[in-house]
Every structure is written in structure tokens, then in C-alpha cells.
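Following: one structure in C-alpha cells, then a few remarks.
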Amino acid sequence: APPRAAEGRPGPGHEDFRPRIVPYYRDPNKPYKKVLRTRYIQTELGFHERLFVAVLTSRATLNTLAVAVNKTVAHHFPRLLYFSGLRSAKVPHGMVLVAHGDERPIWLMYETVNYIHQHFGSDYDWFYVMQDDTYAQAEQVKALVTHLSINQDVYLGRAEEFIGGDEQARYCHGGFGYLLSRSLLLKLQPHLDSCRNEILSVRPDEWLGRCIIDFLGITCVSQLQGQHYHTYELAKNTEPEKEEEEEFQAALAVHPVSDMTLMYRLHKQFSRIQLDRVYQEIQDLQMQIRNLTALTPAGEAGVTWPVGINAPFLPKSRFEVISWDYFTEQHLFSCPDGSPKCELSGASQADVSDIIESALEQLNRLYQPLLRFSKRQLLNGYRRFDPTRGMEYTLDLLLEAATQKGHSHVLAKRVSLVRPLSKVEIIPMPYVTEATRVQLVLPLTVQDLDFVANFLDTFAMNTLDTHDNALLTLLFIYHPYDAQRVGQVDVFAGVKAMVGELEKRYAEVKIPWISVKTEVPSQVKLMDIVSKKHPVDTLFFLASVWTEINMEFLNRCRMNTISNWQVFFPVHFQEFNPALVYRGEQTASSSTDFLRDGHFDRHSFAEACFYNSDYMTARTKLAADILDRDEVLESMEVFDVFLHYSGLHLFRAVEPGLVQKYTLRSCNPRLSEELYHRCVLSNLEGLASRSHLAMALFEQEQANST
């Protein structure tokens with residue numbers, strides 16, 4: 001060690017670095033500027049998507065082979081575009097087509113490579129180019145690029161010799177597809193114009209190969225970094241179902257595919273091959289698990305069933321026990337609405353039918369040809385969802401077993417089945433930002449007047465003071481009797497005065513109001529009025545007077561609502577009645593007992609986030625269905641409109657950012673029976689938890705007994 005280090009002090013190269021906190025300082029003389037960061041961390045760190053696929057098509061094959069490619073393998077690739085030389089072509093549904101306007105093969109290749117570089121060159125690491133008469137095994141292609149280094153210039157495909165050219169130079173045959181790395185594409189782009197003007201060729205794949213060789217000195221290879229690009233050339237009148245050659249089964253790309261039917265048959269055959277491989281891998285892994293488990297201290301008893309699936313969840317207390325739901329073929333005895341018995345229908349019915357069929361199939365597979373089982377009746381059925389492994393079933397089946405000689409016998413058999421949790425997939429969603437303006441809509445009746453002041457104060461503190469991009473529109477709902485006397489006594493005069501004070505305090509803010517006269521304040525009818533007074537791209541937040549607006553929720557409203565894709569119906573948190581929960585004791589601190597003394601009110605659909613354009617589209621379909629029967633609207637809410645008359649995703653989720661204080665809501669008896677019943681249930685369940693109600697009854701009985 002250096003001398004100074006020996007004395008206890010750090011020497012050169014051995015500095016004792018200690019972290020120090022740099023305090024945040026903002027110059028008060030400079031205006032505050034919000035720092036905008038990228039939405040995804042991979043964008044900020046410069047990560048790229050892995051694979052982009054380009055499919056070359058033509059006028060003759062756009063509606064045939066290109067559609068077959070789109071239906072078989074397109075959804076397995078992260079991003080796939082079709083390129084054609086057509087002008088103003090009618091694109092089949094579900095396909096993205098880039099039309100260059102010139103059907104010359106060389107020009108199409110030049111424009112395609114140029115387009116890929118210009119629009120996707122900075123976003124992807126690998127670019128796979130194929131023709132629409134090529135069948136590519138998508139999963140195998142994706143697995144291939146995961147094993148290749150992105151730091152090399154890669155030109156990978158089926159290497160072919162140039163006619164009369166250099167014996168060492170090779171180009172990649174376009175019919176079998178080829179892979180280009182991002183680094184190669186970036187180096188190639190400056191030379192594309194020179195290649196177009198100087199290189200003469202009839203085939204576009206030869207032209208591209210010659211361009212890469214002449215200007216970059218890189219030739220096509222079929223093997224790189226230990227990875228092989230296997231291909232298979234189809235002969236005429238080939239039967240894919242009868243192909244058993246190893247070369248066929250290992251192929252990443254098959255060419256030429258002459259028609260759509262052959263494309264579908266190839267896809268079916270390769271899917272069967274892949275499925276057989278997966279089943280064989282599962283069996284091999286299960287055998288390895290059994291062999292290794294026998295060497296553990298638990299021995300063979302440590303093998304869980306099914307082998308390879310997580311063991312069942314072991315509760316540590318009685319509160320963690322997962323209960324079983326009982327069912328028969330006709331009824332379910334654990335219903336979503338809390339009733340003890342309901343008819344088995346929908347997804348639950350399909351689930352039960354599928355699991356019974358699977359049980360019979362497994363039994364016949366085990367005992368055939370000695371015995372053949374057929375179902376007589378489901379005696380008992382039990383199921384439960386175990387979050388560690390999936391859905392578990394126990395079935396008591398009454399079966400008829402038939403022997404090979406024709407003898408039959410009826411017996412009862414108990415079987416256990418597991419539907420394991422599969423691989424989690426991230427659903428692609430359109431990109432949205434938090435900069436969208438939110439238009440709050442607040443309907444008010446006479447019964448809501450006591451709560452308006454608190455709503456406006458919260459709105460001013462959390463949105464106006466913070467300069468959040470949110471506006472407010474008030475909807476005054478007058479009873480016909482109050483509307484006649486509005487000239488003498490305006491029941492909403494106090495609210496209008498409070499709005500005037502807010503507009504004086506915030507000069508740049510205007511809070512408009514709309515007056516409506518009705519006895520039945522239907523949510524749909526009120527929204528019809530508001531919708532007509534706002535642009536179609538408006539993002540609405542339909543609020544209630546008990547809602548406490550905050551920036552956290554408004555941002556979630558923006559992120560969870562996607563135009564022409566998704567609407568958001570949050571489930572607010574309703575606090576319990578403090579008189580029953582605390583019974584005279586001091587109220588718990590909101591910081592330590594946040595979201596404890598209350599519940600998420602699943603009966604309320606008063607809050608909603610949606611775009612005006614989506615509402616208008618669904619409302620048009622509703623109008624065509626009900627014709628002039630406006631009384632139907634009194635039994636509907638905005639949620640019902642989107643549920644029954646739109647193809648959008650309805651995102652219904654608990655929202656901890658919406659917390660409402662306890663209050664006894666007035667339920668309008670003029671509404672439909674379902675809406676009135678839902679309102680009453682919301683009031684009853686919002687009183688207190690079962691333990692609090694039991695304690696209150698216990699104390700009352702004690703007081704009465706004394």
C-alpha cells in the first residue's frame with residue numbers, strides 16, 4: 001500500500017468516497033417548469049424492441065396469401081406490417097398495409113428498406129423480411145433472435161449463389177425470409193440510392209444481396225453464432241400432414257406456399273409438432289422432478305400433484321383458509337350477488353362442462369381398452385381458486401363402465417383436477433398521457449346542497465391551486481315545483497354564489513352551470529344534455545357531490561380511459577358511520593388507518609371516466625334499439641349504456657384515491673326497482689362492518705337488560 005494509506009489516510013487510487021445528499025434548490029425568480037419524463041423506463045434508457053417483421057405482398061395475393069399470413073402467424077410477432085406497390089388498395093380487416101405506389105419489384109424492395117429504416121430503425125434490434133408465400137414459424141424466429149448478438153452486422157437466411165457471380169458471395173433467398181440486424185440496416189441506408197441507380201437485377205432479393213455485398217462487404221450466411229437458419233422447400237402437391245422428415249420439422253421457414261388452404265394446413269401441422277414437443281418436454285421434466293425429489297429429505301412423499309405444479313396453499317390461520325364452492329350441473333351455491341343459490345350459466349356453466357369432459361377423457365385414456373366410461377350424473381362438484389397454482393376441482397361422478405365384452409356396471413368415482421395458471425401475458429394497450437384535460441360533471445339535487453361547499457373547497461384546493469388541467473361543470477336538477485318558483489326563490493342560489501366567489505378568487509377559471517327540470521334525474525338523460533354542449537374529444541369525469549377530487553385520481557382517470565378502446569368505472573371507498581364504528585371514541589387517524597374503517601362500494605356506479613365520442617357512439621346504438629321509448633332510460637345508468645351498446649373494454653376497479661365520508665344518501669323511489677334497490681343496499685352496507693354491527697347490538701342488549 002502507498003505510504004499515506006499505511007498511515008491510515010487514503011492514498012492515490014484509494015479515495016474514500018462518501019455519498020452526500022445534494023439538497024434540492026429552485027430559484028424563486030425563475031418560473032416553475034414541470035419536468036417531463038418518458039412514460040416507460042426502457043425509452044429513457046434507450047432500450048429497443050426486439051423484432052420487426054415486414055411482409056412483401058402484391059395485388060394478386062393481398063386478399064389471399066397475405067390474409068392467410070395474418071390469420072396464422074401475424075399475432076405471434078410483436079410488430080408486423082405489409083408492404084405493397086399498390087395504390088389506394090382496399091386493406092383487409094386487421095392488417096396494416098404500406099402502399100408505395102409502384103409495383104416494380106426492385107423499387108418495392110428499395111422503398112420497403114428505406115421505410116423500415118426511416119420509421120423503425122431506431123426502435124428495433126432485428127428486422128425480418130419475408131414474402132406472403134412463405135410460412136414462418138413465428139416462435140422459432142423469435143427464439144432465434146434471442147440467441148444472436150445485436151453488436152454484429154447480421155445478414156442471415158438461406159444462402160444462394162449469384163448466377164455467374166463470385167463463388168464466395170451469397171445472397172439470402174427472399175422466399176425463405178431473411179434477418180437483418182439494426183447495425184447493418186443503419187450502415188446500408190446511405191448506400192440505397194447508389195444501389196438503386198447502379199445495380200441491375202431482376203430479383204429483389206438478389207438486388208438487396210448485391211447491394212449489401214458491394215457496399216458493406218457482408219455476405220448472406222445460413223449459420224451464425226451457433227444458430228442455424230433451417231428452411232424447407234415444398235414440392236408440388238405436398239401433403240403437410242404426411243411430412244415426417246427431420247428437415248421439415250426443424251424448418252423456420254417453408255416456401256413456396258401456393259394457396260391459403262396450404263398455409264392453414266402448414267400452420268396446423270407445425271402447431272401439432274410444437275405441441276408434441278411441449279408435451280414431451282413436460283414429461284421429461286416431470287420425470288426429472290420425481291427422480292430429484294426422491295433424493296430430498298422428504299423422499300417420494302415430497303412430490304406434489306400434479307408434478308411440476310406448485311403445492312396447494314397452506315393456511316397459517318383459519319382466516320387464510322380458502323373455501324370450496326359447491327355446484328351441480330344446474331346450480332351454483334356460491335353466487336356473486338350473495339344469494340345462497342343461483343342458476344349455473346355463462347362462463348361458469350362452460351367451465352363446469354369443460355371440466356367434466358376433461359375428467360371423462362382422462363379416465364378413458366387411463367383404462368381403455370379394458371373399460372369405457374360414460375357419464376350418468378354429476379353427484380357433487382367443488383371448486384376453489386388457489387392463487388399459488390390455479391383452479392382446483394373435486395368431482396363426484398356417477399359413471400357407467402362398459403367392458404370389452406359388453407358388460408356394464410354403474411359406479412361412483414371421485415376425481416380431482418387442476419386448471420393451472422398459465423403464462424401471464426401483457427395485453428397491448430394504446431398509448432395515453434397524463435396531459436389530457438378532464439371535464440368534471442357534477443349533478444346536483446336539492447338533497448345535495450349541504451355537501452356542495454365541501455366539494456367546491458376540495459376541488460379548489462386539489463385542482464385550481466395546483467393548476468391541474470381540469471374543468472368543472474355543474475348540473476342543477478330542479479324539481480318542477482322548484483322550477484316554477486325560481487323567480488322568487490332559487491334553491492340553488494347559495495351554490496351559484498359560491499361559484500361566483502371561486503371565479504373571483506381564480507380570475508382565469510370559469511365554472512359554467514346547466515339547469516334541468518325533471519322529477520326523475522336519470523343519469524343517461526342528464527348525460528345527453530351535457531354531451532351535446534361539449535366537443536367530441538372531451539374526457540368526462542362524472543362525479544358525485546361526496547367525491548373528494550385529488551390529482552392522484554385524476555391522473556388515473558386519464559390513464560385508464562382510452563378513446564375508442566376503454567372506459568373506466570372506479571369503485572370508491574366508502575367510510576363507515578363513525579357513530580357505529582367508534583361509538584363515542586376518538587376518530588382514528590387517516591394516516592395510520594387509511595382504508596380501514598370502510599369498504600369499497602360495489603353497488604355505486606355514480607363515478608365514471610369516458611370520452612364524449614365513445615358515449616355518443618353507444619348512445620346512438622341505444623336510441624336505435626329503444627326507438628321513442630324514453631321511459632327505458634329511467635332504468636339505466638351510463639354503465640349500462642357502455643355495457644350493452646358498445647364494444648369497448650369496461651375497466652371496473654377499486655380506486656383508493658376516491659374516499660367518501662359517510663352520509664345517508666336519499667334514494668329516489670321514482671327510479672327503476674333495480675336502481676332503487678342498489679341505492680338501499682349501498683346505504684345498508686355502508687353503515688358498518690359485521691363486527692361493528694354485532695358489537696353495537698351486543699351493547700344495546702346489555703343496556704336493555706340492565
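Observations on the structure shown:
- Matching entry among THR219, THR238 (being within 13 Å of TYR155 (Cα to Cα) and part of a loop (DSSP other than H, G, I, E, B)): THR219
- ILE218 being free of Cβ contacts under 8 Å to residues at least 60 places away in the same chain and not acidic (Asp, Glu): no
- Odd one out for ALA298, checked against (1) farther than 15 Å from ARG383 by Cβ; (2) open to solvent by 80 Å² or more (accessible area, probe 1.4 Å): (2)
- Residues located in segment 647-680, provided they are more than 30 Å from GLU519 (Cα to Cα), outside any strand (DSSP E or B) and either touching a residue at least 40 places away in the same chain (Cβ under 8 Å) or in contact with an Asp or Glu (Cβ under 7 Å, 6 or more places away or on another chain) (or both): LEU648
- In segment 201-235, residue modelled with the lowest pLDDT [restricted to those that are farther than 26 Å from GLN269 by Cβ and hydroxyl-bearing (Ser, Thr, Tyr)]: SER201
- Filter result (open to solvent by 20 Å² or more (accessible area, probe 1.4 Å) and aromatic (Phe, Trp, Tyr)) within segment 100-123: TRP107, TYR115
- The set of residues from segment 637-659 being farther than 21 Å from MET527 by Cβ and either open to solvent by less than 30 Å² (accessible area, probe 1.4 Å) or not aliphatic (A, V, I, L, M) (or both) comprises ALA653, PRO656, GLY657, VAL659.
- Remark: pairs (first residue in segment 40-62, in the same structural domain as GLN131 (by the TED database) and of a type in the set (A, V, I, L, M, F, W, C); second residue open to solvent by 40 Å² or more (accessible area, probe 1.4 Å) and part of a strand (DSSP E or B); Cβ separation under 6 Å; 6+ apart in sequence or on different chains) = LEU56/GLN131.
- The lone criterion from (1) without any contact (Cβ under 8 Å) to a residue 24 or more places away in the chain; (2) outside any loop (DSSP other than H, G, I, E, B); (3) surrounded by fewer than 14 Cβ atoms within 10 Å (Cβ to Cβ) left unmet by ASN683 is number (3).
- In segment 165-190, the residue that is farthest from SER149 (Cα to Cα) out of those that are surrounded by fewer than 16 Cβ atoms within 10 Å (Cβ to Cβ) and not hydroxyl-bearing (Ser, Thr, Tyr) is GLY165.
- Failed criterion for ILE150 (all others in (1) over 15 Å from VAL113 (Cβ atoms); (2) surrounded by fewer than 17 Cβ atoms within 10 Å (Cβ to Cβ); (3) out of contact with any strand residue (DSSP E or B) (no Cβ under 6 Å at 6 or more places or on another chain) hold): (3)
- For PHE327, the conditions (1) closer than 21 Å to LEU399 by Cβ; (2) open to solvent by 90 Å² or more (accessible area, probe 1.4 Å); (3) of a type in the set (A, V, I, L, M, F, W, C) all hold with the exception of (2).
- Screening GLU247 against (1) touching a strand residue (DSSP E or B) at 6+ places or on another chain (Cβ under 8 Å); (2) buried (at least 16 other Cβ atoms within 10 Å of the Cβ) leaves a single unmet condition, (2).
- Residue count for segment 82-110, restricted to those that are under 22 Å from HIS173 (Cα atoms), in contact with a Phe, Trp or Tyr (Cβ under 8 Å, 6 or more places away or on another chain) and in a strand (DSSP E or B): 1
- Enumeration of residues in segment 42-55 that are touching a helix residue (DSSP H, G or I) at 6+ places or on another chain (Cβ under 7 Å) and either buried (at least 18 other Cβ atoms within 10 Å of the Cβ) or hydroxyl-bearing (Ser, Thr, Tyr) (or both): LEU51, PHE52, ALA54, VAL55
Per-residue answers, yes or no, for (1) of a type outside the set (D, E, K, R); (2) within 41 Å of the chain's Cα centre (by Cα):
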position	(1), (2)
LEU184	yes, yes
LEU200	yes, no
LEU208	yes, yes
LEU224	yes, yes
ASN237	yes, no
PRO240	yes, yes
GLU244	no, yes
GLN249	yes, yes
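- Residues satisfying the stated conditions in segment 340-389, i.e. polar (S, T, N, Q) and surrounded by fewer than 16 Cβ atoms within 10 Å (Cβ to Cβ): SER345, GLN349, SER353, SER358, GLN362, ASN364, GLN368, SER374, GLN377, ASN380, THR388
- Residue satisfying condition, being out of contact with any His (no Cβ under 8 Å at 6 or more places or on another chain), in contact (Cβ under 8 Å) with a residue 24 or more places away in the chain and under 25 Å from LEU650 (Cα atoms), within set ILE549, ILE477, ILE511: ILE549
The values are calculated or read from the model by the stated rules, or taken from the named source; none is laboratory data. Fair warning: this is a prediction, and the values are worked out from it, not measured in the lab. Glycine gets a Cβ as well: all are built from the backbone with ideal geometry, and neighbour counts include every protein chain shown. For the accessible areas, the whole protein counts, side chains as well, though only heavy atoms, and no ligand, DNA or RNA atoms are used. Shrake-Rupley method; radii C 1.70, N 1.55, O 1.52, S 1.80 Å.
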